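These notes are about the structure you will find just below.
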Amino acid sequence: MTSRSVAAARCAALVGPYTSGKTTLLEALLMQTGAIHRKGSVVDGNSVGDSVPEARARQMTTEPNFAHCEYLGERWSFIDCPGSIELSQDTHTALMGVDVAIIVAPPEPERSLILAPIFKYLDDYQIPHILFVNKMDKATIRVRDLLESLQGVCGKPLVLRQVPIRDDEQVTGFVDLVSERAWRYNINKQSELIEMPDQVKDREQEARQEMLESLADFDDSLLEQLLEDKVPPPDDIYEQLSKDLADDLIVPVLFGSAEQGHGITRLLKALRHEGPDPSVTAQRLGVPDGDGLAASVIRSVHQSHTGKLSIARVWRGGIKDGDTLGDERVSGLYRLMGGDNQKTEQAEAGDLVALGRMDSVASGDLLTEEGRNPDAGLLWPETPGPVFSLAITPHNRQDEVKLTASIGKLVEEDPSLIMEHNGDTNQMLLRGQGEIHLKLALERLKNRYNVEVDSTRPQTAYKETIRKSTKQHSRFKRQTGGHGQFGDVHVEIRPLPRGQGFEFIDKVVGGSVPRQYIGAVEHGTKEYLDRGPLGFPVVDVSVTLYDGQHHSVDSSDQAFKTVGRMAMAEGMPNCEPVLLEPIYEVTISVPNEFTNKVHSLVSGRRGQILGFEMRAGWKGWDDLKCHLPEAELQDLIIELRSLTVGVGSFEWRFDHLQELTGRLADQVISQRQTADS
Ligand SMILES: Nc1nc2c(ncn2[C@@H]2O[C@H](COP(=O)(O)OP(=O)(O)OP(=O)(O)O)[C@@H](O)[C@H]2O)c(=O)[nH]1
Ligand SMILES: [Mg+2]
């Protein structure tokens, strides 16, 4: 067995698809290690994790849960991550602080595909990971069948570490393939060592051989021993397992039941023996060498009672409450236990702690005695582009400033949430990873900051243009008492090719419109462009001013501006105005078994397929490129996910404006007119 001279605290994340039992497993781990004395449950609303109101109400994890415990004299932190794919940014950033991830998988081969994105992420960032197949109390499948289907989505060899012992269909215990010891489960208690039952012996031999062969692929001496039919000593096997896990060469597989407390000790032992040391993790993450404090901030949270907390993993050195790092003082140091902040005086290498009121510190920063360093080059996940948006307004107008400030705090916690003003539609947009993601943000605004927000589907940024030219003569003349107002112009209005915008050409000769008023005419025509005959901003139009008249007393900038605008208002309806809708270039990524379905999805949404290719770095996935109208993009993610067991995603960018005619255009125009009336 590997020995550790100084056992620095280690940290593991629980990740995996929604409802696989991560929060329940956290509870079981805390119970088994004595960190809690009564096992709560997600369903009863008394688990350590999921303590925030949004999580309790939904019985799902809505933000990472942090907890810590001691197991056989070694300190551990756990981060229970949300399973929802819409909250994966939270999971990805939390993973930047851990030595090892435990993928909690449901025992359902038909759901294997749902694990593809997390396997890929862990491999991309070389985060060592163990697979824990949960809910074995209910499982009727054969573990080897599940592994076969999971191997299809896992980049590294899955190495089974135990085989189940069954009585009838029920899994009642397991045999550990390294020690070759058999254990019988006891509900929520330690398992009991038993004689290896005869009926499992053949399977045990077969699975053990498979495990050894997998390990021998990465070690010549083990391979030699196997070839010579020698039995390798357990310590050699453990050592090889630790090494291969740390190097992300293999994925060890354990199983059990979080609900019944089965397989928890085995999991803890695997973590204890094989979980990499934080010094190895620090190297993987690119923490610069040196002396003194090095900690990385993986998350920022705002709590009403403590203010801002920066959750950081300490890699080297230590931090004390009250320490000054650069120009910020640590005001409060806590270990987190679900919703409970436990005050602590100091944190050492390996610890995961929350630092109070470090206002300028951001997630992804490296902290040293000199303060924050956002450019230390630590490994840090990319923020995914938004795929779903809502237009929002504060329910009470006076909350406008509070709303912006509160959303700023939410964005600091979760950068995959974006707030932006859409200049085309003049709407405030909240953008993110899906409906649940945004609804959660709105609930947090209400629960934490007492800001109620109304939300609607965002408007599409339609525009309009013209198809025909016209010549227009307009005159503005007003006689009111003293001197009046007079302006007279002849303009030609012409369509321009798509994307040309607006141009104004001055062809006045002989001073019929004096020089000093030309700018005013241009100004007036431009003002009109905000809203054309169909009710939308006008683009791709050219206006040529070629003649006019003026009056030496009554003409003015104002009069010429007004007549410029009038000429447009009078002339544009004669130019066959036509609606333009924004078209986006969209790249949809799905496992290739769904490619055909996505073809129909795109054509059903008035899209045009531009082509498809294999998704770079994703075995068995396709990237489909298409053009899709903005109006069809709004809820695309909802349908895409429901077609693809939740794993389909897309990226988009504006491409061009395209004429929209017929029934759909009529609807858009009449909706616009109704909205105005
Ligand atoms: N039978 C059985 N049910 C379990 C087990 N573990 C969890 N569950 C149940 O599965 C449901 C989901 O459990 P959670 O622990 O909330 O799952 P999660 O993975 O944290 O879910 P998210 O946070 O939404 O991703 C709950 O109803 C649990 O009681 C298990 O080992 N066996
Ligand atoms: Mg959970």
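What to note about this one:
- The set of residues in segment 627-659 being surrounded by 15 or more Cβ atoms within 10 Å (Cβ to Cβ) and farther than 26 Å from residue 597 by Cα consists of 657 alone.
- Residues in segment 432-454 that are part of a helix (DSSP H, G or I) and either surrounded by fewer than 21 Cβ atoms within 10 Å (Cβ to Cβ) or not assigned by TED's automatic domain parsing to the domain that holds residue 414 (or both): 435, 436, 439, 442, 443, 446, 447, 448, 449.
- Selection count where residues are polar (S, T, N, Q), within 24 Å of the chain's Cα centre (by Cα) and farther than 18 Å from residue 384 by Cβ, scope segment 624-664: 1
- Apart from one condition, residue 568 fits all of (1) closer than 22 Å to residue 461 by Cβ; (2) assigned to a loop (DSSP other than H, G, I, E, B); (3) not basic (Lys, Arg); the exception is (2).
- Every residue from segment 95-104 that is within 16 Å of ligand 2 (Cβ to nearest atom) and closer than 26 Å to residue 616 by Cβ: 95, 101, 103
- Looking across segment 42-62, the residues that are assigned to a helix (DSSP H, G or I), away from ligand 2 (no atom under 11 Å from the Cβ) and not hydrophobic (A, V, I, L, M, F, W, C) come down to 53, 54, 56.
- Condition check for residue 672: farther than 30 Å from residue 112 by Cα, among the basic types (Lys, Arg) and part of a helix (DSSP H, G or I): yes
- Qualifying residue in segment 95-111 (condition: over 20 Å from residue 152 (Cβ atoms), within 16 Å of ligand 1 (Cβ to nearest atom) and assigned to a helix (DSSP H, G or I)): yes
- Applying the criterion of being within 7 Å of ligand 1 (Cβ to nearest atom) and at positive phi to the residues of segment 14-38, the residue that is surrounded by the most Cβ atoms within 10 Å (Cβ to Cβ) is 16.
- For residue 552, the requirement of being modelled with pLDDT of 95 or more and of a type in the set (Ser, Thr, Tyr) is not met.
- Residue identified as within 20 Å of residue 11 (Cβ to Cβ) and of a type outside the set (Ser, Thr, Tyr) among 371, 364: 364
- The single condition among (1) in the same structural domain as residue 526 (by TED's automatic domain parsing); (2) touching a His at 6+ places or on another chain (Cβ under 7 Å) that residue 470 does not satisfy is (2).
- Residue 47 meets the stated requirement of being of a type outside the set (D, E, K, R), at pLDDT 95 or above, in contact with a Ser or Thr (Cβ under 6 Å, 6 or more places away or on another chain) and within 28 Å of residue 434 (Cα to Cα).
- Qualifying residue in segment 81-94 (condition: under 23 Å from residue 441 (Cβ atoms), more than 15 Å from ligand 1 (Cβ to nearest atom), in a helix (DSSP H, G or I) and in contact (Cβ under 8 Å) with a residue 40 or more places away in the chain): yes
- Among the residues making up segment 135-185, those that are within 15 Å of ligand 1 (Cβ to nearest atom), touching a strand residue (DSSP E or B) at 6+ places or on another chain (Cβ under 7 Å) and closer than 16 Å to residue 110 by Cβ are 135, 139, 143, 146.
- Residue satisfying condition, being assigned by TED's automatic domain parsing to the domain that holds residue 489, buried (at least 18 other Cβ atoms within 10 Å of the Cβ), modelled with pLDDT of 95 or more and not aromatic (Phe, Trp, Tyr), within set 601, 529, 624: 529
- Residue list for segment 436-448, restricted to those being of a type outside the set (A, V, I, L, M), touching a residue at least 24 places away in the same chain (Cβ under 8 Å) and in contact with a strand residue (DSSP E or B) (Cβ under 9 Å, 6 or more places away or on another chain): 437, 448
- Candidate set: segment 39-68, residues that are in contact with a Lys or Arg (Cβ under 8 Å, 6 or more places away or on another chain) and more than 30 Å from residue 387 (Cβ to Cβ); chosen: the one nearest to ligand 1 (Cβ to nearest atom): 45
The values are calculated or read from the model by the stated rules, or taken from the named source; none is laboratory data. As the structure is a computational prediction, the values presented were derived from the model and not from experiment. So basically every Cβ, Gly included, is an ideal-geometry build from the backbone, and we count neighbours across all protein chains shown.
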